[in-house]
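Read the structure below first, then the notes.
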Amino acid sequence: MSLRRPPIESLTVDDLCFSVRWSARRRTVGITVKRDGELVLAAPSRTSARRLEAVVREKLPWVRRKLAEFEALGPPPEPRQAVAGELFPYLGREYRLELADRPPQPVVISGDRLLVDRALDGDARAAVVAWYQAKARAYIDDAVARFAPLVGAAPATVVVRDLGKRRWGVCDHRTLKVSFHWQLIAQPPELVDYVVVHELAHLHEPNHGAAFWRRVEDVMPDCKERRRRLRAHGDAFVL
C-alpha cells in the first residue's frame, strides 16, 4: 500500500491562491497570471509544496505587478457580434461588417467593409473566425520566415490557435515549438511582428532577462515601445 500523499491541486501564499497543474515533462516551475486574475503554477511531477511556495514567494512582486496591470485595464471587452454594423479589426484597421448577397467569398474585405454572406445566418461568426484564423496562419508563417534568420532561430513547429485572453504567444524552447493566438492578426502589423520576434527569441532565452532583450533589440530596436503599445491598447483589437 502506498502512503505517498496525492499531489496538491492548489497553493495559497499570503492572500493569493494558485491552481497547480502537474506535468511529467516539465523541468522547472512556471507561473502564469491570467487576464481574469487566475493564478496558475505549472510544476514538474513530485515537486514538493515547500519548493512551490519558495518559487512563488520569490516571484510575488512580479505576480502582484501583473495583477495590478490587468486590474488597471478593466474587464476584457465583450466578444464582437457578427451582425450588420459591427466593427471588426484586422491588422490594426477597423472594418464595418456588412451582410451581402453572394459576395465573391463567404467572408471578404472590400474597401472599408467586411462583407459576410447573408446566407450564413447563424453561422456567420464561425465563418468570420475561420477567415481570421486563415489570415493569421498566412501572415504569421510569413513573419516567422522573415524574422527567424534574423533572430538566429529555427522553430520545429509553428502553431496558430486560441491561447486564451491576453496571451498572444507561447514558446516551448525544449521542443522548439512556438504558438501564436489567431486573434493576433487583428493587431497592427508592427505589433504582430513584435510578438513573432519575441517568441522566436525565447527559443534561445527562456526567460525575460537582459540577454533575451538584447537579442530582441538586435532585430527590433524599438521592441519595448511596441511592447508598451500592445499592453496598453491590445484590448482595442480583440474579437
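The values are calculated or read from the model by the stated rules, or taken from the named source; none is laboratory data. What you are looking at is a predicted structure, and each value in this text was computed from that prediction instead of being measured. Reconstructed Cβ throughout: ideal geometry from the backbone, glycine too, with neighbour counts over all protein chains shown.
All of ARG46, ARG50, ARG64 fail the test of being at positive phi and in the same structural domain as THR32 (by TED's automatic domain parsing), apart from ARG46. Within region 78-90, residues that are among the aliphatic types (A, V, I, L, M) have Cβ atoms under 8 Å from residues that are assigned to a loop (DSSP other than H, G, I, E, B) in these pairs: LEU87/ARG80, counting only partners at least 6 apart in sequence or on another chain.
Note on region 70-93: residues that are surrounded by 14 or more Cβ atoms within 10 Å (Cβ to Cβ), at negative phi and not hydrophobic (A, V, I, L, M, F, W, C) total 4.
For region 67-106, residues that are outside any loop (DSSP other than H, G, I, E, B) and within 21 Å of the chain's Cα centre (by Cα) total 12. Taking helices (runs of 4 or more DSSP H) as the structural unit, those lying wholly within region 134-239 and holding at least 3 residues that are surrounded by 14 or more Cβ atoms within 10 Å (Cβ to Cβ) and touching a strand residue (DSSP E or B) at 6+ places or on another chain (Cβ under 7 Å) correspond to 189-202.
Might you let me know whether region 7-28 holds any residue that is closer than 19 Å to GLY164 by Cβ, surrounded by 11 or more Cβ atoms within 10 Å (Cβ to Cβ), touching a residue at least 12 places away in the same chain (Cβ under 8 Å) and of a type in the set (Ser, Thr, Tyr)? Yes, that holds for at least one residue. Picking from residues in region 1-44 that are at pLDDT 90 or above and polar (S, T, N, Q), the one that is farthest from TRP62 (Cα to Cα) is SER10.
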